[in-house]
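First comes the structure, then the notes that go with it.
The values are calculated or read from the model by the stated rules, or taken from the named source; none is laboratory data. Worth saying up front: this structure is predicted, and the values here are computed from it rather than measured. Cβ placement follows ideal geometry from the backbone for every residue including glycine, while neighbour counts extend to all protein chains displayed.
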Amino acid sequence: MKTKARKSRDAFTLIELLVVVSIIALLIGIALPSFNKVRLQAKVTDSKQLITNLETGIESFRAERALGGRVPPSSSDAAGGSGMPVGAYVDPLDSSGTAIPSTGAALLVLALAGPDNQGTAGFRPATGAATWADSIGGTGSGGLYDTGAATPATRYGPYAGATAMKRIASIESISKKGFAAPNFSGHLGEQKIFSDLFDSPILYYRAKKAARAMVTTGTQVGVYDHSDNAPLTTFAGSKHGIAAVGTGVYADPPNTFDSFIIDRKASGCDENNPANCLRSIPYRPQDFLLISAGPDGTWGTKDDVTNWK
């Protein structure tokens, strides 16, 4: 007796194929957030390592007596009387004596790596200059980085470790990756900073240990001064955070510099606004602060990576 032979199935039906594709898409949808979270955490971990690397470099700079035996400055020493504007210094990458606004972020690179990654000449007035801001110019005659000098200034370091050296970038280059800031072109845009893993500058502030106030406001000198990095953090339309008190950009805590750096435990105050505290003590009042904006790109928020938490 003859029987019908079953047709062999050597291909999926359209419905079966759609089911398989749907299952794969579902699995990807479930796995992708977890993958992104792991990748994000890896960047945070690497940013913490970068902060640690910079701390080590700063301590190495401080240990070099020839450089003054203290941590690097985070602001210019120009007083304005010698033709150099207050808060500026001579562009170390240029021979024309161009004055550019100083930022603690850029001065940290000059201290730990130098303008050309070949070491630092430190921060001291050259012969005949009143301030280092007047004399730090690189290729100009008599500058600390004068490339044509018969006896160039002694270089020290670099003090930035391999991890940090790889994160040196110009302000202009990271602005092309999404870091929004005004007028970061030409001389200012060429200045180098240490970029975190999220392509934002790492801010650096040196403490004024003898100051009685926590932050500088008006004529009152504070331990830390928001203006040290103001060209990066505060300007019209800025969304980068930690503005100075009363600037009108971020008028209220917790988006002000003082409310971010206050050590509430040491101050014995849980008030959101430091102005309501009997005393205000910043983190690391005898030292320096390093701040990465973290994943959200805004300084002064909970996801920041710092050297105090």
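If I ask for residues that are in contact with a Ser or Thr (Cβ under 9 Å, 6 or more places away or on another chain) and of a type outside the set (Val, Ile, Thr), which ones from the stretch 283-294 would you list? It would help to see each step written out before you state the result.
First pass over the stretch 283-294, keeping only residues in contact with a Ser or Thr (Cβ under 9 Å, 6 or more places away or on another chain): 283, 288-294.
Scanning the stretch 283-294 gives TYR283, PHE288, LEU289, LEU290, SER292, ALA293, GLY294.
Working only within the stretch 1-32, note down all residues that are modelled with pLDDT under 70 and either closer than 26 Å to LEU108 by Cα or part of a helix (DSSP H, G or I) (or both).
Within the stretch 1-32, the subset modelled with pLDDT under 70 is 1-12, 31-32.
Listed by number, the residues that qualify are ALA31, LEU32.
Go through the stretch 157-173 and give me each residue that's more than 18 Å from GLN49 (Cβ to Cβ) and touching a helix residue (DSSP H, G or I) at 6+ places or on another chain (Cβ under 6 Å). Don't jump to the end; show me each part of the working.
Going residue by residue through the stretch 157-173, those that are more than 18 Å from GLN49 (Cβ to Cβ) are 157, 170-173.
SER170, ILE171, GLU172 - these are the residues of the stretch 157-173 that are more than 18 Å from GLN49 (Cβ to Cβ) and touching a helix residue (DSSP H, G or I) at 6+ places or on another chain (Cβ under 6 Å).
For the stretch 133-145, indicate whether the set of residues that are acidic (Asp, Glu), modelled with pLDDT under 80 and touching a strand residue (DSSP E or B) at 6+ places or on another chain (Cβ under 8 Å) is non-empty.
Taking the stretch 133-145 as the starting set, the residues that turn out to be acidic (Asp, Glu) are 134.
When the remaining residues are screened for being modelled with pLDDT under 80, the result is 134.
Restricting the remaining residues to those that are touching a strand residue (DSSP E or B) at 6+ places or on another chain (Cβ under 8 Å) gives 134.
Taking every residue of the stretch 133-145 in turn, at least one turns out to be acidic (Asp, Glu), modelled with pLDDT under 80 and touching a strand residue (DSSP E or B) at 6+ places or on another chain (Cβ under 8 Å).
One line per residue, one yes/no per condition, for (1) at pLDDT below 95; (2) of a type outside the set (Phe, Trp, Tyr); (3) farther than 30 Å from GLN118 by Cα:
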residue	(1), (2), (3)
GLY186	yes, yes, no
PHE194	no, no, no
ALA213	yes, yes, yes
VAL223	no, yes, yes
ASP228	yes, yes, no
ILE261	yes, yes, yes
PRO274	yes, yes, yes
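State yes or no: is LEU289 out of contact with any Leu (no Cβ under 6 Å at 6 or more places or on another chain), buried (at least 17 other Cβ atoms within 10 Å of the Cβ), at pLDDT below 90 and of a type outside the set (Val, Ile, Thr)? Let's see the steps before the verdict.
Details: out of contact with any Leu (no Cβ under 6 Å at 6 or more places or on another chain): yes; buried (at least 17 other Cβ atoms within 10 Å of the Cβ): yes; at pLDDT below 90: no; of a type outside the set (Val, Ile, Thr): yes.
No.
Looking at ALA88, ALA111, ALA99, ALA130 in this structure, which one is at pLDDT 85 or above and at negative phi?
Details: ALA88 fails: at pLDDT 85 or above; ALA99 fails: at pLDDT 85 or above; ALA130 fails: at pLDDT 85 or above.
One residue alone meets the criteria, ALA111.
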